[in-house]
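Peer 1: Could you have a look at this structure, given as structure tokens, before my questions?
The values are calculated or read from the model by the stated rules, or taken from the named source; none is laboratory data. All values derive from a computational prediction rather than experimental measurement. A quick note on method: Cβ atoms are made from the backbone with ideal geometry, for glycine too, and the neighbour counts reach across all protein chains shown. In case anyone asks, the SASA skips ligands and DNA or RNA and just uses the protein heavy atoms, side chains included. Shrake-Rupley method; radii C 1.70, N 1.55, O 1.52, S 1.80 Å.
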Amino acid sequence: MTEISRKFSDPLPCPAQTNTLPESTPEEHWKHLPPYEVKSGEQFGPVQWRGKCFCGKITYLLKREEPLNAKYCHCRVCRVTHGAPVQWAAIFHKHEMLFTNGASGLAFYSTTHGNQKHILPTKVSCANCRTPIMDEGRNMCLIFPQLIEIEGSSQEQREKRAVFNPKYVRCAVYGIVMMVSPKWSGMENSSVPMNDEGIPIEVEQ
Ligand SMILES: [Zn+2]
Ligand SMILES: [Zn+2]
């Protein structure tokens, strides 16, 4: 990896070939990095998914079909910040995401600093309707698949959205990892569930 010189210290790593403007201040630097930078559709590449907040002011694109990973998290932070029994999140590289509308209408909450500055990691929401948009880290972002717009009947939508389903659930209460869709030795639900290595999973009765 080549060392990249940086003109100022900021919490963002400075990847190669960013479109950083020379007059950028540290506070504005992140606006020139994915997923906030301004890019044409051609520069971004083929779009796989479109996401939108509740009020519609924030829209974004994703160019990767399957997330790197996905999870259901029911830790207390996720339950409180989403007002839901569980957070459903899918992980993408930040460069696979692009805001197409409303990037200036985002609100940030730095969990480590407890303020609304753009300091990573940060929770990102719509400043208008307050829909959680993503949890942003240095290189990755956790998006929320319920925001992805999918056309068709509700059955078709469910099927297409299944690409964001996690394969495992980490249970915050018991600290165990459960498979969401186990493999079966024979017929589903009437044979022995197996793990990824094909070893039967012991199910406590
Ligand atoms: Zn909104
Ligand atoms: Zn959590």
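Peer 1: Non-local amide H neighbours of Leu120 (under 5 Å, H modeled in plane, Pro and chain starts lacking H): which ones?
Peer 2: When sequence neighbours closer than 5 places are left aside, there are no close amide H contacts.
Peer 1: A further question on this structure: Which lysines does Lys31 reach when only Cα atoms under 30 Å apart count, and residues fewer than 8 places away in its own chain are ignored?
Peer 2: Lys7, Lys39, Lys52, Lys57, Lys63, Lys71, Lys94, Lys117, Lys123
Peer 1: Measuring from label point to label point, each 7 Å out along Cα→Cβ, what is the Gln48 to Ser154 span in nm?
Peer 2: For the pair Gln48/Ser154, the computed spacing is 2.7 nm.
Peer 1: So what J values fall out for the stretch 84-95 if you push phi through Karplus, 6.51 cos²θ - 1.76 cosθ + 1.60 with θ = phi - 60°, rounded to Hz, Gly and Pro as x?
Peer 2: Karplus values, whole Hz, x for Gly and Pro: 8, x, 8, 9, 10, 9, 10, 9, 10, 5, 4, 6.
Peer 1: Using a 10 Å cut-off on Cβ atoms, rank the peptides 42-49, 72-79, 85-92 from the highest mean neighbour count down.
Peer 2: Values: 42-49: 13.5, 72-79: 15.4, 85-92: 18.5.
Averaged packing, sorted descending, gives the order 85-92, 72-79, 42-49.
Peer 1: Please list 3J(HN,Hα) in residue order for the stretch 110-116, calculated via the Karplus relation 6.51 cos²θ - 1.76 cosθ + 1.60 where θ = phi - 60°; whole Hz, with x for glycine and proline.
Peer 2: 7, 5, 7, 9, x, 10, 9
Peer 1: Can you give me the accessible area per residue for the stretch 29-160, using a 1.4 Å probe, in Å²?
Peer 2: Values: 7060 Å² over 132 residues.
Averaged over the residues of the stretch 29-160, the accessible area is 54 Å².
Peer 1: Need one value: the accessible area of Glu149 in square angstrom, 1.4 angstrom probe, rounded to the nearest 10.
Peer 2: 100
Peer 1: Which value, in Å² and to the nearest 10, is the accessible area of Thr112 when all protein chains are kept and the probe is 1.4 Å?
Peer 2: It works out to around 100 Å².
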